[in-house]
Amino acid sequence: MRLHVEDPFIRENMKEGKTGLELEFHRVTETGNLAHSPHPFPGSEYIDRDFSEEQMEINTPPAKNPGKALGFLEKQLALIHRKLDKRGELLWPFSNPPIIIDENDIPVAKYEGEKLPNYHYRLYLAARYGKYKMTYSGIHFNYSFSEELLAANCSLEGYEDYDAYKAQFYLNLAEKALAYSWAVVALLAASPVVDNSFYEQGKTGESIFTGFSSLRNSEFGYWNPFLPVLSYENIEDYVESIENYLEQGLLIEARELYYPVRIKPAGRYTLDALRSGKISHIELRQVDLDPFVRSGLDLRDAEFLKLFLIWLASIEMPPLTAYDQLQALQNHKASAAYDWDLARIALPGKQADTLKNHLSDMLDEMKQLYHDDEEALRILAYQQQKVDDESKRYANMVREAYGDDYIRQGLVRAKKIREEFDV
C-alpha cells in the first residue's frame, strides 16, 4: 500500500493535509527551579499540563499547513508569557529539564472531578518510572492527509470500504514511520546538555554533556521496561497486539505504550476508539524543543516533517518482522548519538551503515520525489546542511551556546524569548 504519486491528481494534491502540534514546556522561576504555582490556565481548550503541574502542554487544532499551526501556537505562547510574566515565571526552552531538587520537587498535575483518573494515572507513572524521566519535554507532530486525496488513492488501490482503507493506510504509514524514526531524531535533536541535578540529587549548577544529541530519545529516555512488538497486518490485530500487553500487566492503559509513532482516532486515544477503525491522523512523538526559535519548532523543520510523511506514504516497504521492529527501536536510540559517524543504522533489506550515510541516502530519495518542487527542495537543502556540516546540527549548537552554563544561559534565553513576544 502506498500513495500513488505517479497519478496526476495525487501528484497535484499530495501536499494537501492538516497539521496539529503538541508542545511541552516547563514553567520555571527566575532562578531556574521548577515553578510550584498552580496551572495558570484552568479550563483552557488549548493549554493544559503534561505530567507535572508546571509542565505546560499546548495543543493546536488541525491547521491547513504547518505555518498556520505554528501561528496558532504562537498566539497561545503570547498568552502564556503575559500570564507568567506577572508571576515572575518563565518557559524553559529545552527538552531536558532545569534544576530539580529531588522527586518531591516535581509536582504531579492536579486533576479533580471527572478528570481525577488523570491524576491517579500520573501517580502510577511516577511510582513505576520515577518522576525524573517525566521531566523530559518535547513536541508531537500530528498530520492527516486530505480526505479527497485518500479517497482518490483508495479507488486506485481497489478498496470498496473507505474507512477500512483509511485505517490500513495510516497503519501502513505508521509501520514505515517506525522504520525511519531514527531520521527525525537525528535531524531535530537538540538536547545534549543537562544540569547535574538530573543525575545527582542535591547537586546543581554544573552543566553536564550527556554524550547524546537527544537524551530523551536515547537508551536513557522514556521507554517501557519491555520491547514491544506490534502487528501492522490490520487494525484489529494492531489493537490486539497492544491489548496483549495490557492483559499481561505490562501496561495499564494504551497510552502507556511509549512508542515513537502512533496512529490516532479523533478524540480520546483508547483501544476502543482505535478498534472502531475511525483513524484520523498519524503522530510523530520524538521531536526535541528547538531553543533557537521562540515557538520551539522551526517552520522549516515542521515543513520537513510533512514532506517526510508524504514521502514515506509514497514508498513501498516490506512488512516489518518482529526482528525488524526491535531493530527499528535500536536504530531510534542509536540515532540519538552525538557523533553521527559512530552511530550505525540497519534498515530492512539494506546494508548497515553510519547514520550520516543513511541520512544522505534518505534525503536523496526525498529529493527525487520533490524534484519539481522548489519550496520542498529548499526545505530538504536545509536538512542536508545538517548532514554536511556538523556545526549546523541543533545539538552541536546547543552544546556550543549552553554547554558551559546550562541554567544561567538557559534563563537568559528564556527571558529573550519572552521579550520576542513583546512582554
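The values are calculated or read from the model by the stated rules, or taken from the named source; none is laboratory data. Because the structure is predicted, anything quoted here is derived from the model rather than measured. Here Cβ is always computed from backbone atoms with ideal geometry, including for glycine, and neighbour counts include all displayed protein chains.
Find the residue count for the range 101-127, including only residues that are assigned to a loop (DSSP other than H, G, I, E, B) and crowded, with 17+ Cβ neighbours inside 10 Å.
4
Do we have Tyr323 as farther than 28 Å from Leu150 by Cβ and either crowded, with 18+ Cβ neighbours inside 10 Å or out of contact with any Gly (no Cβ under 8 Å at 6 or more places or on another chain) (or both) here?
So Tyr323 fits the description; yes.
With respect to the numbered conditions (1) surrounded by fewer than 16 Cβ atoms within 10 Å (Cβ to Cβ); (2) without any contact (Cβ under 8 Å) to a residue 40 or more places away in the chain; (3) closer than 17 Å to Leu329 by Cβ, which one is the sole condition not fulfilled by Glu219?
Exception for Glu219: condition (2).
Take Ser197 and tell me if it is small (Gly, Ala, Ser), touching a Pro at 6+ places or on another chain (Cβ under 6 Å) and over 24 Å from Met317 (Cα atoms).
Spelling it out, it is not the case that Ser197 is small (Gly, Ala, Ser), touching a Pro at 6+ places or on another chain (Cβ under 6 Å) and over 24 Å from Met317 (Cα atoms).
Give the residue that is nearest to Asp373 (Cα to Cα), with candidates limited to residues of the range 6-55 that are among the acidic types (Asp, Glu) and without any contact (Cβ under 8 Å) to a residue 24 or more places away in the chain.
Glu12
Can you find a residue in the range 291-298 that is in contact (Cβ under 8 Å) with a residue 40 or more places away in the chain, of a type in the set (A, V, I, L, M), touching an Asp or Glu at 6+ places or on another chain (Cβ under 7 Å) and not in a strand (DSSP E or B)? Reasoning before the result, please.
Of all residues in the range 291-298, those in contact (Cβ under 8 Å) with a residue 40 or more places away in the chain come to 291-292, 294-297.
Still in the running and of a type in the set (A, V, I, L, M): 297.
With the extra rule that they be touching an Asp or Glu at 6+ places or on another chain (Cβ under 7 Å), the set shrinks to 297.
When the remaining residues are screened for being not in a strand (DSSP E or B), the result is 297.
Checked against the condition, which is being in contact (Cβ under 8 Å) with a residue 40 or more places away in the chain, of a type in the set (A, V, I, L, M), touching an Asp or Glu at 6+ places or on another chain (Cβ under 7 Å) and not in a strand (DSSP E or B), the range 291-298 yields at least one hit.
Taking the condition touching a Pro at 6+ places or on another chain (Cβ under 7 Å), closer than 30 Å to Glu89 by Cα and either without any contact (Cβ under 8 Å) to a residue 40 or more places away in the chain or among the small types (Gly, Ala, Ser) (or both), does Ala395 pass?
Considered against the rule, which asks whether it is touching a Pro at 6+ places or on another chain (Cβ under 7 Å), closer than 30 Å to Glu89 by Cα and either without any contact (Cβ under 8 Å) to a residue 40 or more places away in the chain or among the small types (Gly, Ala, Ser) (or both), Ala395 comes out as yes.
Do we find a residue being over 20 Å from the mean Cα position of the chain (by Cα) and more than 30 Å from Gly17 (Cβ to Cβ) anywhere in the range 149-157?
No, the range 149-157 contains no residue that is over 20 Å from the mean Cα position of the chain (by Cα) and more than 30 Å from Gly17 (Cβ to Cβ).
Filter the range 238-271 for residues that are β-branched (Val, Ile, Thr) and either free of Cβ contacts under 8 Å to residues at least 40 places away in the same chain or touching a strand residue (DSSP E or B) at 6+ places or on another chain (Cβ under 8 Å) (or both) and give the result.
Matches in the range 238-271: Val239, Ile242, Val261, Ile263, Thr270.
Anything in the range 23-71 that is in contact with a helix residue (DSSP H, G or I) (Cβ under 8 Å, 6 or more places away or on another chain) and of a type in the set (Lys, Arg)? List them, or say none.
Scanning the range 23-71 gives a single hit, Arg27.
Picking from Leu178, Leu274, which residue would you name as being more than 22 Å from Leu329 (Cα to Cα) and in contact with a strand residue (DSSP E or B) (Cβ under 9 Å, 6 or more places away or on another chain)? Quick ask: steps written out before the conclusion?
Numbers: Leu178 fails: more than 22 Å from Leu329 (Cα to Cα).
Unique residue meeting the criteria: Leu274.
Mind checking whether some residue in the range 282-300 is surrounded by fewer than 21 Cβ atoms within 10 Å (Cβ to Cβ), farther than 30 Å from Glu45 by Cα, of a type outside the set (Lys, Arg) and modelled with pLDDT of 95 or more?
No, that holds for no residue.
Across the range 99-155, what is the number of residues that are under 30 Å from Met14 (Cβ atoms) and without any contact (Cβ under 8 Å) to a residue 40 or more places away in the chain?
Qualifying residue count, the range 99-155: 5.
Tally time: how many residues in the range 327-377 are charged (D, E, K, R) and more than 17 Å from Leu309 (Cα to Cα)?
Selection size over the range 327-377: 9.
So which helices (runs of 4 or more DSSP H) stay within the range 327-409 end to end and still have 1 or more residues that are of a type in the set (Ser, Thr, Tyr), under 20 Å from the mean Cα position of the chain (by Cα) and buried (at least 16 other Cβ atoms within 10 Å of the Cβ)?
It comes to 374-388, 394-402.
Which one is surrounded by the most Cβ atoms within 10 Å (Cβ to Cβ) among residues in the range 301-320 that are in contact (Cβ under 8 Å) with a residue 40 or more places away in the chain and not in a helix (DSSP H, G or I)?
The qualifying residue surrounded by the most Cβ atoms within 10 Å (Cβ to Cβ) is Leu320.
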